[in-house]
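Take a look at the structure below.
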Amino acid sequence: MTELTNLEEKLAEVTGLAMAAEVAGGKVTKLTEEQDRDLVSTLQKMAKEAAETTQRCEQVAGTFEGKKTAILEEAREVKKKAAEMMSTYLDKDADALDGFEFLTMAEAAEVGHWSVLKTLNDSAGNSEVRQLVEWALPIQERHFQDVLQGSRKLAAEEDPNEKA
């Protein structure tokens, strides 16, 4: 297998997380459908943006000569790990609030990974990665704020004294 640089590895990670975000958005949408249409709309927009992020990441991966396949293989591994985490966290008893709490963790992780990619690229100076980060990081920051607000909204609807 082709060895990846730290920059290429981080690109693979954000790609895999974007792939996983699309799946997670679908899962949490199903948990939320009967409870809050506005949150469902937010999740659907996030899933579309995750798909676009994946596509853009794949295009940038193609600019690394001879590395696209290795980057995308690593991305699929990251997606697989994220899916395992999601299935552990969102078991058969999960509700909309559980889903939004999971997404809050996942989106925070994405913001962190994109920030690290930006820092690595500040030294590497890859213009394609720079443009990708400039486009994606604000979207990831908004996604984090959206799911955090969704978590708070759903939590406010809960009876704090009700047995769990």
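Here, each number is a calculation from the coordinates, and none is a lab measurement. As the structure is a prediction and not an experimental result, all values here were calculated from the model. We place every Cβ from the backbone using ideal geometry, glycine too, and count neighbours over all the protein chains shown.
Here are the numbers:
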read-out: Longest site-free stretch - the chain; sites: GluC sites (Glu not before Pro), DSSP loop, at most 16 other Cβ within 10 Å; value: 66-156
read-out: Greater than 23 Å apart at Cα, pairs in Lys27/Lys68; Lys81/Lys153; Lys48/Lys81; Lys68/Lys118; Lys27/Lys79; Lys79/Lys163; value: Lys27/Lys68; Lys81/Lys153; Lys79/Lys163
read-out: Computed FRET value (nearest 0.05) for Asp95 with Gln131, which takes r as the C-beta separation and R₀ as 25 Å; value: 0.05
read-out: Residue-averaged [θ]222 nm for the chain, counting only DSSP H segments that reach four residues, each worth -39500 (n - 2.57); value: -29000 deg cm²/dmol
read-out: Viscosity 1.002 mPa s, 20 °C: Kirkwood-radius Stokes-Einstein D of the chain over Cα pairs, µm²/s; value: 131 µm²/s
read-out: Distance in nm between pseudo-label sites at Leu148 and Ala51 (7 Å out along the Cβ direction from Cα); value: 2.8 nm
read-out: Surrounding net charge for Phe144, when Lys and Arg each add one and Asp and Glu each subtract one, Cβ distance under 13 Å; value: -4
